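Remarks on the structure that follows.
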Amino acid sequence: MQVYVFHASPSLELKAQIKDINKTAAGTQLRIAVLRRLEESCLRKADAVVVLSKFSQRVLLQEYPWLSKDKIEIIPGGSKTSGIGATPRHAFQSKRLIAVRRLEWRTGIDLLIRAFALSNLTEKGWTLDIVGTGSLRAELEGLAEGLGVSDNVTFHGVVSEDEKHTLLSESQMFVLPTRAFEGFGLATVEAMAHGLVPIATSAGASPEIVEQIHPKLVCDPTVSGLVSALEYWTKDENQDLMAALSARAIDVAVSYDWEEVAKRYRDLADAIAAEKGPRRMFV
């Protein structure tokens, strides 16, 4: 038995990082083609294909119309959510936003910085923490400087797991400003497990997670969409609602705990093994 665990399409994810595919170097285009060929080979050999979201399922069926929908099993990403001991946020005490992302064009951190600068949040004392690194870090730091919000935006780079948990625990809200191709959103689940209310764009699978808390937490993957969401959810009159949503975020995050996810993998493997024999799994 062969199970292909499809976290994301390497070829499509690489494409999504490129602003203008027509200006891409020949070497990069060759890499995309090779990745796609390897991806197709894995899919053809697999007895079952595991995807993390309905969005990823739709992408697979669109890109590979010969693939049988019956072969696809949706099992979300797993995270250590239990035992964190988070308590719901009851007020805007810290006034800190946080984003945990690779600093690449696809992930939309530039959209978030522009939205933060255009919004009324700095006037109200809010700050933005950005965790992660990538090829655009220097450019993004320059953007924050040019927009006059560098004093309110902190780039932490790569941090340890303990440091990340501390930053999440000290923050009030989480933002996932993805511009394109979000296959799941593990960082969103981790933030929710700490009691943070997430704002996420509609670019990919994020609505499948975030709309379980509140549909208005999903916005368009644009600067204007993020400005509207940020200003709406940081209104003082929304504090009581935010406390309820924070508690809901913790409850939703528990459903993505590794114990729950691992059980679904075991059930799938046992069901296929009953028909196919010994099992092999490719991730």
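The values are calculated or read from the model by the stated rules, or taken from the named source; none is laboratory data. Because the structure is predicted, anything quoted here is derived from the model rather than measured. Virtual Cβ from ideal backbone geometry, glycine too; neighbours counted across all protein chains shown. The accessibility values were calculated without ligands, DNA or RNA, using every heavy atom of the protein model including side chains. Shrake-Rupley method; radii C 1.70, N 1.55, O 1.52, S 1.80 Å.
Shape of the stretch 72-162 from the C-alpha gyration tensor: oblate (a/c of 1.5 or more and a/b not above b/c, with a ≥ b ≥ c the square roots of its eigenvalues).
Compute the Kirkwood hydrodynamic radius of the chain, taking the inverse of the mean of 1/r over all pairs of distinct Cα atoms, and give it in Å to one decimal. Spell out each step's value before the answer.
Values: mean 1/r = 0.0500 Å⁻¹.
Taking the inverse mean of 1/r over all distinct Cα pairs, the chain comes out at 20.0 Å.
Scoring 136-143, 49-56 by mean Cβ neighbours within 10 Å over their residues and listing the highest first yields 49-56, 136-143. Across all directions, the average projected area of the convex hull around the alpha carbons of the stretch 99-233 is 7.1 nm². For the charge dipole of the chain, defined by +1 on Lys and Arg C-beta atoms and -1 on Asp and Glu C-beta atoms about the Cα centroid, which residue among Ala271, Ser169, Asn238 has the Cα displaced farthest towards the positive pole? Highest projection toward the positive end goes to Ala271. Working ranking of peptides 162-172, 263-273 by packing, defined as the average number of other Cβ atoms within 10 Å per residue, highest first, is 162-172, 263-273.
Give me the dipole magnitude in Debye, nearest 20, for the chain about the Cα centre, with unit charges on the beta carbon: positive for Lys and Arg, negative for Asp and Glu. If you can, show how the numbers build up before the last one.
Numbers: 33 positive and 36 negative charges, 203 e Å.
That gives a dipole near 980 debye.
Across the stretch 193-283 the C-alpha pair distances fall into 5 Å bins from zero in the proportions 3, 12, 17, 17, 14, 10, 8, 8, 6, 3, 2, 0 percent.
Distance between the pseudo-spin-label points of Gln2 and Trp258 (7 Å out from Cα toward the beta carbon): 2.8 nm. A Förster radius of 41 Å, combined with the Cβ-Cβ distance separating Lys235 from Ala274, puts the computed FRET efficiency at roughly 0.15.
Once both labels are positioned 7 Å from their Cα atoms along Cα-to-Cβ, the gap between His156 and Trp66 label points is 4.6 nm. Positive contributions from Lys and Arg (+1) and negative ones from Asp and Glu (-1), summed over other residues with Cβ under 10 Å from the Cβ of Ile130, come out at 0. Dipole orientation for the chain: of the candidates Gly146, Ile74, Trp258, Ile74 has the Cα lying most toward the positive pole (charges on Cβ; Lys, Arg +1; Asp, Glu -1).
Which links in Lys15/Lys235; Lys15/Lys124; Lys164/Lys216; Lys15/Lys71; Lys69/Lys164 stretch past 30 Å when you go from one Cα to the other? With Cα atoms farther than 30 Å apart: Lys15/Lys235; Lys15/Lys124; Lys69/Lys164. For the chain, the longest principal axis of the alpha carbon atoms and the long axis of helix 161-170 meet at an angle near 40°. Computed per residue of the chain from DSSP H runs no shorter than four, each worth -39500 (n - 2.57), the mean residue ellipticity at 222 nm is -13500 deg cm²/dmol.
On full extension of the chain, what length is gained from Arg266 through Ser41, given 0.36 nm per residue of separation minus the C-alpha to C-alpha distance?
So the extension gain works out to 78.6 nm.
Label reach from Lys95 (point 7 Å along Cα→C-beta): in the stretch 111-145, amide nitrogens under 14 Å belong to 120-128.
Ligands, DNA and RNA left out, the accessible area of the chain computed with a 1.4 Å probe is 50% carbon and sulfur.
Excluding ligands, DNA and RNA, what is the solvent-accessible area per residue of the stretch 100-153 at a probe of 1.4 Å, expressed in Å²? Ligands and nucleic acids excluded, the figure is 41 Å² per residue.
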